[in-house]
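Each remark here refers to the structure printed beneath this line.
The values are calculated or read from the model by the stated rules, or taken from the named source; none is laboratory data. What you see is a predicted model; the values in this text were computed from it and never measured. Cβ placement follows ideal geometry from the backbone for every residue including glycine, while neighbour counts extend to all protein chains displayed. What goes into the accessible areas is simple: the full protein's heavy atoms, side chains included, and nothing from ligands, DNA or RNA. Shrake-Rupley method; radii C 1.70, N 1.55, O 1.52, S 1.80 Å.
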Amino acid sequence: METENLPSFSYMGRNFSDLSVNEDSSAFSECNSDRSGEFPTTSSQSRQLVMACASENSDELIQQLVSDLQSCSIEEQKQAAMEIRLIAKNKPENRLKIAKAGAVKPLISLISSADPQLQEYGVTAILNLSLCDENKEIIASSGAIKPLVRALRLGTPTAKENSACALLRLSQVDENKSPIGRSGAIPLLVNLLESGGFRGKKDASTALYSLCTVKENKIRAVQAGIMKPLVELMADFGSNMVDKSAYVLSLLVSVADARTALVEEGGIPVLVEIVEVGSQRQKEIAAAILLQVCEDSVVYRTMVAREGAIPPLVALSQSGTNRAKQKAETLIELLRQPRSGNVAATAKTSALSV
């Protein structure tokens, strides 16, 4: 598994290698627990009873619920999955207990159910269990990845969103990134990024950001057509997705095909506009992406210059953060001497030696 040099982000408690982009993890949500609301079949009174039992006799309750997951009755399975999801969401200390009690494999079986509601409940319970770091290995090794990908393809909107979140949590273990990519998750996440609701787009972008630290997944994302939705989301300042999309793009442009696709989808004018009118963070990441695009291509430098990039870059070089100033100055030098190969080489070395 090959992992390339990464942007300088601190994300999900992990520090990535330096690409000279200002550290800021707030662009992404962490899928801290399911956000699907309480299930409609669970009354307020029964939820209170579940929580009271979970507090007083959690071990006995958990064992009974795990047994009910394997019932021949779909309704009993649904009720057990709902209650496991609830006590895992609200009582973090129960997440490890539930996994150790043997709930993971029965819940994975529910994810493969033909009943859409039962599948959704299983996905959501697995998501909440995956919030415990100690559970990620057993969830993955028990065969959860392929069923989660199936739910991402065929599930209810909530099941798709929670599947994306669960895959994100599993992808935080480096060894899971490639298997998740090979399972067919990347095109489905790209589809969710393009056609999902706001929460779905956020969840998909966050999962893709985590998965695309691996080169083979970057290639899969580009082949799946990720550049079109990324460019469209970056161009829509009202989408609240500019930062997230730009951060994902910053990972991808280390791949030559991604740079080509970015240009073909009209990404250069969008990035120049971000440098001109975006927030300080957006300006910095857009400048960093443009620098990567221009480093080895006279053609792309000419395109960027013709889009009017130099004036906003000059402004950024005077008023941005130290990193943003450095990126802007290096890119301005490239754009003003677009035919100098030596300048490109010098700029590249300077940009990466921060």
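Within segment 317-354, restricting attention to residues that are basic (K, R) and surrounded by 14 or more Cβ atoms within 10 Å (Cβ to Cβ), which residue is modelled with the lowest pLDDT?
Here the answer is K348.
Only one of these is within 26 Å of S142 (Cα to Cα), in contact with a Gly (Cβ under 9 Å, 6 or more places away or on another chain), open to solvent by 10 Å² or more (accessible area, probe 1.4 Å) and of a type outside the set (S, T, N, Q): P179, P157. Name it.
Residue meeting the stated conditions: P157.
Can you tell me which residue is surrounded by the most Cβ atoms within 10 Å (Cβ to Cβ) among those in segment 219-247 that are charged (D, E, K, R) and within 13 Å of the chain's Cα centre (by Cα)?
Top of the filtered list is K244.
Please note which helices (runs of 4 or more DSSP H) are completely contained in segment 129-176 and include at least 2 residues that are more than 17 Å from K202 (Cα to Cα).
It comes to 133-141, 145-154.
Taking the options G184, G196, name whichever one is of a type in the set (G, A, S), without any contact (Cβ under 8 Å) to a residue 40 or more places away in the chain and at positive phi. Show your work before the answer.
On the way: G196 fails: at positive phi.
Exactly one of G184, G196 is of a type in the set (G, A, S), without any contact (Cβ under 8 Å) to a residue 40 or more places away in the chain and at positive phi, namely G184.
Quick check on segment 293-316. Is at least one of its residues of a type in the set (F, W, Y), open to solvent by less than 10 Å² (accessible area, probe 1.4 Å) and assigned to a helix (DSSP H, G or I)?
no
Go through segment 195-241 and tell me which helices (runs of 4 or more DSSP H), entirely inside it, have 3 or more residues that are farther than 22 Å from Q282 by Cα. Walk me through how you get there before you give the answer.
Values: elements: 198-211, 215-223, 227-235.
Those helices (runs of 4 or more DSSP H) span 215-223.
Identify the residue in segment 261-276 that is out of contact with any Pro (no Cβ under 8 Å at 6 or more places or on another chain) and in contact (Cβ under 8 Å) with a residue 40 or more places away in the chain and, among all such residues, is most open to solvent (accessible area, probe 1.4 Å).
Looking at the filtered set, the residue picked out is V263.
Quick check on this structure: which one of K91, K100, K105 is farther than 19 Å from A151 by Cβ, within 26 Å of the chain's Cα centre (by Cα) and open to solvent by 30 Å² or more (accessible area, probe 1.4 Å)?
K91
Mind listing whichever residues of segment 68-78 are open to solvent by 50 Å² or more (accessible area, probe 1.4 Å) and either over 12 Å from L107 (Cα atoms) or of a type outside the set (S, T, N, Q) (or both)? So that I can check it myself, show each step before the final result.
Just the residues of segment 68-78 that are open to solvent by 50 Å² or more (accessible area, probe 1.4 Å), to begin with: 70, 72, 74-76.
Those that are open to solvent by 50 Å² or more (accessible area, probe 1.4 Å) and either over 12 Å from L107 (Cα atoms) or of a type outside the set (S, T, N, Q) (or both): C72, I74, E75, E76.
Looking at (1) open to solvent by 10 Å² or more (accessible area, probe 1.4 Å); (2) among the aliphatic types (A, V, I, L, M); (3) over 20 Å from C72 (Cα atoms), find the lone condition where A144 falls short.
(1)
Write out, first by first residue and then by second, each pair whose Cβ atoms fall under 6 Å of each other, whose residues are 6+ apart or on separate chains, and whose first residue, in segment 56-69, is polar (S, T, N, Q) while the second is modelled with pLDDT of 90 or more.
S58/N94; Q63/A101
Among K89, K97, which is under 13 Å from S130 (Cα atoms), in a helix (DSSP H, G or I) and at pLDDT below 90?
Details: K97 fails: at pLDDT below 90.
Only one candidate passes the filter, namely K89.
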